[in-house]
1. Could you tell me whether P148 is at pLDDT 90 or above and open to solvent by less than 80 Å² (accessible area, probe 1.4 Å)?
2. Taking segment 77-94 on its own, how many of its residues are modelled with pLDDT of 95 or more and among the aliphatic types (A, V, I, L, M)?
3. In the list S103, S70, which residue meets the criterion of being closer than 13 Å to K141 by Cβ and either in a strand (DSSP E or B) or of a type in the set (G, A, S) (or both)?
4. Within segment 68-119, how many residues are surrounded by fewer than 19 Cβ atoms within 10 Å (Cβ to Cβ), of a type in the set (A, V, I, L, M, F, W, C) and either within 13 Å of L28 (Cβ to Cβ) or in contact (Cβ under 8 Å) with a residue 40 or more places away in the chain (or both)?
5. Among the residues of segment 121-144, how many are charged (D, E, K, R), loosely packed, with under 15 Cβ neighbours inside 10 Å and within 20 Å of L26 (Cβ to Cβ)?
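The values are calculated or read from the model by the stated rules, or taken from the named source; none is laboratory data. Since we're looking at a predicted model, the values are computed, not measured. Backbone-built Cβ (ideal geometry, glycine too); neighbour counts: all protein chains shown. What goes into the accessible areas is simple: the full protein's heavy atoms, side chains included, and nothing from ligands, DNA or RNA. Shrake-Rupley method; radii C 1.70, N 1.55, O 1.52, S 1.80 Å.
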Amino acid sequence: MADREEKAHEGECHGGPDAEATETTLALSGDAGCIAEARRRAAAFLTLDRAGHRSRVSERFVGLAELVVSELVTNACKYAPGPILVRLRLFAEAVEVEVWDSSPVLPAARRADPARVGQHGLEIVKAVAADLAVLRESVGKRVVARIPLEPGPPADGP
């Protein structure tokens, strides 16, 4: 897979069949260094547009996207042997972070427990993302999180 594949993509995403996205796919080794590499490359993708100019994505949003990438790639490194694929799709109103790994075991967020040390990754992703899907594949699984570019109303708000 190419290091940085960007293209307009007609999508199965939340935007429907007419939604266009710029996307990149990262092929990662699955070793410990790939988590930092995934964060760095996600930030670079979201920060610069195709022409290499500063993009419209805010610094705050880039930080949120890096957090989601970090949590999902960390889970893949920790629980699945081998390579990891990360696909980032930037739509007009959201970014989609998709992580594939070779493990067939589907993750589930655990109940909040402030005394628990670790294993809060999916809780964090669910708090940041508008949508989270876990999809079983013929080999492994895909975890897809959609993060809106503009924050919405609080979930418990009016």
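1. For P148, the condition - at pLDDT 90 or above and open to solvent by less than 80 Å² (accessible area, probe 1.4 Å) - is met.
2. Matching residues across segment 77-94 total 4.
3. Residue meeting the stated conditions: S103.
4. 2
5. 1
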